[in-house]
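To start, the structure itself, in structure tokens.
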Amino acid sequence: MSNLLKVSMSYVAAIVLATACAVDGSVAPSAKSAALSPAPQFDSHTEQPVTFVSNAGDEVEAFQGEFMVPENRGDADSRSIPVRYVRFPATGEIKGAPIVYLAGGPGGSGIATAKRGRFPLFMAMRQFGDVIALDQRGTGASNDTPECISSVSVPTTEAISDSALAGLYGQAAKECTEYWEESGVDLAGYTTRQSVADLSDLRQHLGADKISLWGISYGSHLALAAMNEMPSEIDRVIIASVEGLDQTVKLPSRTDHYFARLGDAIGAPNLPELIGSVHASLEKNPQLLTLRMADGAEVPYLFQKRDMQRLASAMIADPGSARRLVDLYQAAAAGIFEPAGGIIARFADPRAPISFRAMPLGMDRASGISDARLAQVQSEAQTSLLGEYLNFPMPQLVGELTALDLGPSFRQGPISDIPTLVLTGTLDGRTYPDGQAEAIAGLTNAHQVSVVGAGHNVFMTSPEVEVVMSAFLSGRTELASEILLDD
């Protein structure tokens with residue numbers, strides 16, 4: 001998924017979380033794994049055999065492992081933290097480099113992803129080498145940082161400006177930084193550069209000369225950073241829904257273009273006008289709704305323009321949810337706002353204080369945004385449909401936690417000839433095709449495949465996606481350039 005900062009008590013982030021499902025990556029040890037090949041070991045670290053069970057009930061024998069890394073490699077006195085993974089042993093004749101799955105978010109769990117709908121794809125990739133479902137530092141089974149629930153709340157019935165809302169999130173971020181420091185957590189350890197170093201350590205831990213990277217969304221961001229910083233350790237790369245190193249915050253104009261493409265695709269050519277009219281109406285006349293919460297409480301809530309913008313930001317990743325968003329806009333245009341309020345009530349409690357998780361906050365703020373791109377975003381936001389809300393609370397927090405920023409050198413896209421396969425959904429509402437093309441411009445050995453009609457979560461949209469991934473990993477150079485989804 002996108003790079004939306006994980007603000008778990010924000011209803012937008014809650015909707016994103018519900019879409020992505022849980023990040024519990026635990027697996028149970030098993031006594032039935034004796035037939036597996038011996039697990040590789042590195043520097044006294046060992047793996048344990050497990051029976052890995054998918055959410056659909058499929059079982060496979062695997063290995064569960066971990067290695068310890070410094071939380072902050074820039075601090076000689078840093079505490080050590082665990083990085084955990086599940087290794088699915090290779091099954092085919094081709095014993096290539098281990099294939100490491102990099103989840104999106106930031107904040108997603110690779111282990112949990114392997115349990116869900118992509119489980120068959122994890123299994124299929126084993127014919128080319130061991131497949132590693134990695135929980136990046138601060139995520140899933142590798143997370144030992146407490147969630148921070150701040151003392152800052154957003155008024156539920158008071159109309160406040162966008163700048164005032166940004167100020168509340170900035171106040172909460174400062175409070176949470178102090179909370180983590182008091183808890184012994186070094187937020188400076190939760191940057192993409194630190195995660196790249198973890199990948200190098202993982203390679204050594206596995207005893208491999210090289211690893212291959214398989215990432216989506218923020219996982220592609222991490223892969224691009226690794227191509228910059230550890231190129232000699234990477235064999236091949238598969239990335240989808242690409243987020244470039246200076247693309248943590250997407251351009252508002254591209255969101256507008258996406259709405260036009262979406263409207264044409266679903267037979268609603270006037271969709272941008274519909275969205276604009278609803279926003280204008282809400283800006284003039286916010287709607288006082290009664291949210292019926294899961295605990296039975298009835299909560300009055302002033303539904304404003306930005307609520308619709310934030311709902312849209314959470315729902316446009318894929319065409320299916322985007323079509324449901326269009327239904328919300330059509331209802332709102334008819335003066336019916338209860339369906340939108342019902343989504344808020346279902347996925348979050350607006351009464352709850354602002355909260356953050358360390359890894360998503362640190363990763364997104366550290367990757368940051370260049371001065372030139374920030375100026376462009378702020379200029380385009382003045383007239384664009386979603387303003388600055390697609391990646392909220394970035395860039396709103398760009399003035400906070402400035403010590404985390406990795407700087408301009410980090411945000412330079414890689415120049416690389418590492419063989420790379422790029423999968424792009426033409427109806428991706430989070431990482432847009434034009435932006436993806438820019439992000440991979442320096443990859444001289446990249447092959448881009450357009451999946452026509454697919455959105456952000458592109459991997460399981462067509463059997464042909466697995467076919468082209470398999471062909472790429474087998475070393476074939478003549479690959480399809482376009483995949484058409486069935487109607």
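The values are calculated or read from the model by the stated rules, or taken from the named source; none is laboratory data. Here the structure is a predicted model, which is why all the values come from computation and not from measurement. Positions of Cβ are generated from backbone atoms using ideal geometry, with glycine treated the same way; all protein chains shown enter the neighbour counts. Quick note on the areas: whole protein, heavy atoms, side chains included, nothing else; ligands and nucleic acids left out. Shrake-Rupley method; radii C 1.70, N 1.55, O 1.52, S 1.80 Å.
Are there any strands (runs of 3 or more DSSP E) wholly within the range 57-109 with 1 or more residues that are farther than 24 Å from SER474 by Cα and among the aliphatic types (A, V, I, L, M), and if so which?
In the range 57-109, the matching strands (runs of 3 or more DSSP E) lie at 59-70, 80-88.
Filtering the range 472-487 down to residues that are under 16 Å from ALA124 (Cβ atoms) and not aliphatic (A, V, I, L, M), which residue is surrounded by the most Cβ atoms within 10 Å (Cβ to Cβ)?
PHE472
Can LEU134 be described as buried (at least 17 other Cβ atoms within 10 Å of the Cβ) and part of a helix (DSSP H, G or I)?
Numbers: buried (at least 17 other Cβ atoms within 10 Å of the Cβ): yes; part of a helix (DSSP H, G or I): no.
Taking the combined requirement at face value, the residue does not satisfy it.
Does HIS279 satisfy the criteria of being of a type outside the set (Val, Ile, Thr), at pLDDT 95 or above and surrounded by fewer than 17 Cβ atoms within 10 Å (Cβ to Cβ)?
No; evaluated as a whole, the condition is false for this residue.
Give the residue that is nearest to GLY455 (Cα to Cα), with candidates limited to residues of the range 306-354 that are open to solvent by 20 Å² or more (accessible area, probe 1.4 Å) and among the acidic types (Asp, Glu).
ASP318
If I ask for residues that are among the small types (Gly, Ala, Ser) and in contact with a Gly (Cβ under 9 Å, 6 or more places away or on another chain), which ones from the range 358-387 would you list?
Residues satisfying the conditions are ALA358, GLY362, GLY368, ALA381.
Do you know which residues across the range 322-339 are assigned to a loop (DSSP other than H, G, I, E, B) and without any contact (Cβ under 8 Å) to a residue 24 or more places away in the chain?
Step one: of the range 322-339, the residues assigned to a loop (DSSP other than H, G, I, E, B) are 334-337.
Passing the criteria: ALA334, GLY335, ILE336.
Show the residue pairs that are 6+ apart or on different chains and have beta-carbon atoms under 8 Å apart, the first residue being within the range 87-107 and at positive phi, the second being among the polar types (S, T, N, Q) and part of a loop (DSSP other than H, G, I, E, B).
GLY105/SER2; GLY105/ASN3; GLY105/THR139; GLY105/SER217; GLY107/THR139
Pull up the range 395-420, narrow it to residues that are outside any loop (DSSP other than H, G, I, E, B) and of a type in the set (A, V, I, L, M, F, W, C), then point me to the one that is least open to solvent (accessible area, probe 1.4 Å).
Top of the filtered list is LEU404.
Which condition number does ARG137 fail, the rest of (1) within 20 Å of THR177 (Cβ to Cβ); (2) among the charged types (D, E, K, R); (3) out of contact with any strand residue (DSSP E or B) (no Cβ under 6 Å at 6 or more places or on another chain) being met?
(3)
Go through the residues of the range 196-207 one by one and say whether even a single one is charged (D, E, K, R) and open to solvent by less than 30 Å² (accessible area, probe 1.4 Å).
Yes, there is a match, as at least one residue in the range 196-207 is charged (D, E, K, R) and open to solvent by less than 30 Å² (accessible area, probe 1.4 Å).
When the residues of the range 249-271 are narrowed to those that are in contact (Cβ under 8 Å) with a residue 60 or more places away in the chain and of a type in the set (D, E, K, R), which ends up farthest from SER470 (Cα to Cα)?
ASP256
The conditions are (1) surrounded by fewer than 19 Cβ atoms within 10 Å (Cβ to Cβ); (2) of a type in the set (Lys, Arg); (3) under 30 Å from ILE483 (Cβ atoms), and ARG430 fails exactly one of them. Which is it?
(1)
Can you pull out every residue in the range 55-86 that is in contact (Cβ under 8 Å) with a residue 60 or more places away in the chain and open to solvent by less than 10 Å² (accessible area, probe 1.4 Å)?
GLY65, PHE67, VAL69, GLU71, ILE81, VAL83, TYR85, VAL86
Pick from THR255, THR290: which is of a type in the set (S, T, N, Q) and over 29 Å from the mean Cα position of the chain (by Cα)?
On the way: THR255 fails: over 29 Å from the mean Cα position of the chain (by Cα).
Being of a type in the set (S, T, N, Q) and over 29 Å from the mean Cα position of the chain (by Cα) holds for just one of THR255, THR290, which is THR290.
Identify, from the list PRO414, PRO419, the residue that is over 21 Å from the mean Cα position of the chain (by Cα) and touching a residue at least 12 places away in the same chain (Cβ under 8 Å).
When all the criteria are applied, what remains is PRO419.
Please go through the range 433-447 and give me each residue that is open to solvent by less than 40 Å² (accessible area, probe 1.4 Å) and not in a strand (DSSP E or B), ordered by number.
Within the range 433-447, PRO433, GLY435, GLN436, ALA439, ILE440, GLY442 meet the criteria.
Go over the candidates ALA112, ALA141 one by one and state the one that is in contact with a Ser or Thr (Cβ under 7 Å, 6 or more places away or on another chain), outside any loop (DSSP other than H, G, I, E, B) and among the small types (Gly, Ala, Ser).
It is ALA141.
I need the full set of residues from the range 366-394 which are open to solvent by 10 Å² or more (accessible area, probe 1.4 Å), under 21 Å from the mean Cα position of the chain (by Cα) and more than 17 Å from THR255 (Cβ to Cβ), in order please.
Across the range 366-394, the qualifying residue is only SER370.
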